[in-house]
Amino acid sequence: MKLFTCTHCGQVLYFENSRCEKCYYPLGFEPTELQLLPLEAQPDDRTFRLYGEPAATGNTYSYCANHEHNACNWLVPSGSPTPFCLACDLNHTIPDLSQPGYLERWQHIEVAKHRLVYSLLCLHLPVASKRVYPEEGLQFDFKADENPQERVLTGHDNGLITINIAEADAIEREQARQAMHEQYRTLLGHFRHEVGHYYWDRLIDNTPNLEPFRQLFGDDRQDYGEALKKHYAQGAPPDWQQHFISSYATSHPWEDWAETWAHYLHIIDTLQTAYAFGLRLNPLEALPEQGLRAAITDPYQLADFNKIMAMWLPLTFAMNSLNRSMGQPDPYPFIISPAVVAKLAFIHRVAGDRAGLASRQ
């Protein structure tokens, strides 16, 4: 995530801000330009003009319809066929907001989903709702367990991603993380994993990328249901960390792809944040040959994945060290083996082709 500033007063902003806390201008995120911008209300009190944009352009915007629930700060151009922004137009089902606690959970879900969509737009990946493209589009169902005997399962089915809103409850999510013996479990992580399945369909299946995928991740034609049964019955092989980013990634090539895809988005988004803050890593006690020094640059502009890893590993060592100084667990409890680096590099090539990175060095 890049760093945003108010173009009216210069105040540094969070991605989720709907108002500048310094000049009190309303703020809206314009997804075409990927900018969080101050707004000037128009006489109708319903639409806005971007601050500094000449009135002669005639361009006006309204907030996404979910802004009234404090669930979105994105803008919709006047005349749009839908009252929802690009991110919220992906919603197929939202929770019953009349139920206690459901609004707060949904708000947390929307924060994670909007951050996901931001990353996808940075990569120039196709982001289109099934409302417009029923067969190839993307949609989300955010559902709650209505029956203790029939739990809502988080998952993906032909572009329709279901998220159980219990994942937005920190206590329930931590209980699930421990029960599943997972190193890492977050709302944003769920979104990144499940959308990985969607982009496997779009970027890998029935494309020239399928055979290189199989060489790295394995044969996707093996029975998926049987593979999951075996994984849950026997667990991951003892040496899984030499070949996979997580134990769950060992279950089937599709899950290996989704887990690695999610990790790829973790890496590039965190590095972009570090770049936005101008971070440089130069540990006082480390020798140059230890590889812990790095000047962070924007990963979305780099074609060479080796350069990304040369920044990422020193940054994660610093992140973990800072957390340990605060008595907190490591925010990055992963080991990246050479085999996983090769998989990440493949994903970077496939995703980066959409952003034209192949022509950059």
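I need a count of the residues in region 69-81 that are in contact with a strand residue (DSSP E or B) (Cβ under 8 Å, 6 or more places away or on another chain), part of a loop (DSSP other than H, G, I, E, B) and modelled with pLDDT of 95 or more.
So the count comes out to 2.
Given the condition surrounded by 15 or more Cβ atoms within 10 Å (Cβ to Cβ), out of contact with any His (no Cβ under 7 Å at 6 or more places or on another chain) and part of a loop (DSSP other than H, G, I, E, B), answer yes or no: does some residue in region 305-324 qualify?
no
Yes or no: region 152-163 includes at least one residue that is charged (D, E, K, R) and free of Cβ contacts under 8 Å to residues at least 24 places away in the same chain.
Looking through region 152-163, at least one residue is charged (D, E, K, R) and free of Cβ contacts under 8 Å to residues at least 24 places away in the same chain.
Test of understanding: among 264, 199, which residue is more than 23 Å from residue 331 (Cβ to Cβ), in contact with a helix residue (DSSP H, G or I) (Cβ under 8 Å, 6 or more places away or on another chain), of a type in the set (Ser, Thr, Tyr) and part of a helix (DSSP H, G or I)?
199
Residue-by-condition table, conditions (1) open to solvent by 50 Å² or more (accessible area, probe 1.4 Å); (2) touching a His at 6+ places or on another chain (Cβ under 7 Å); (3) at pLDDT 95 or above:
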position	(1), (2), (3)
145	no, no, no
150	yes, no, no
166	no, no, no
174	yes, no, no
178	yes, no, no
183	yes, no, no
190	no, no, no
196	no, no, yes
204	no, no, yes
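Just the residues that are open to solvent by less than 40 Å² (accessible area, probe 1.4 Å) and part of a strand (DSSP E or B), please, taken from region 38-68.
Residues satisfying the conditions are 38, 39, 48, 50, 61, 62, 63.
Kindly evaluate residue 295 against the criterion of being in contact (Cβ under 8 Å) with a residue 24 or more places away in the chain, more than 22 Å from the chain's Cα centre (by Cα) and open to solvent by 30 Å² or more (accessible area, probe 1.4 Å).
Taking the combined requirement at face value, the residue does not satisfy it.
Given the conditions (1) at pLDDT 95 or above; (2) assigned to a loop (DSSP other than H, G, I, E, B), report the number of the one that residue 117 does not fulfil.
It is condition (2) that residue 117 fails.
Quick one: in region 74-100, which of the residues that are touching a residue at least 12 places away in the same chain (Cβ under 8 Å) and out of contact with any helix residue (DSSP H, G or I) (no Cβ under 9 Å at 6 or more places or on another chain) is least open to solvent (accessible area, probe 1.4 Å)?
By that ranking, first place goes to 75.
Does residue 284 meet the test of being open to solvent by 50 Å² or more (accessible area, probe 1.4 Å), farther than 28 Å from residue 4 by Cα and of a type in the set (A, V, I, L, M)?
So residue 284 passes the test.
The values are calculated or read from the model by the stated rules, or taken from the named source; none is laboratory data. Just so it is clear, the structure is predicted and the values come from calculations on it, not from any experiment. As a convention, Cβ positions derive from the backbone with ideal geometry for all residues, glycine included, and neighbour counts pool all protein chains shown. Surface accessibility is based on the protein's heavy atoms, side chains included, excluding ligands, DNA and RNA. Shrake-Rupley method; radii C 1.70, N 1.55, O 1.52, S 1.80 Å.
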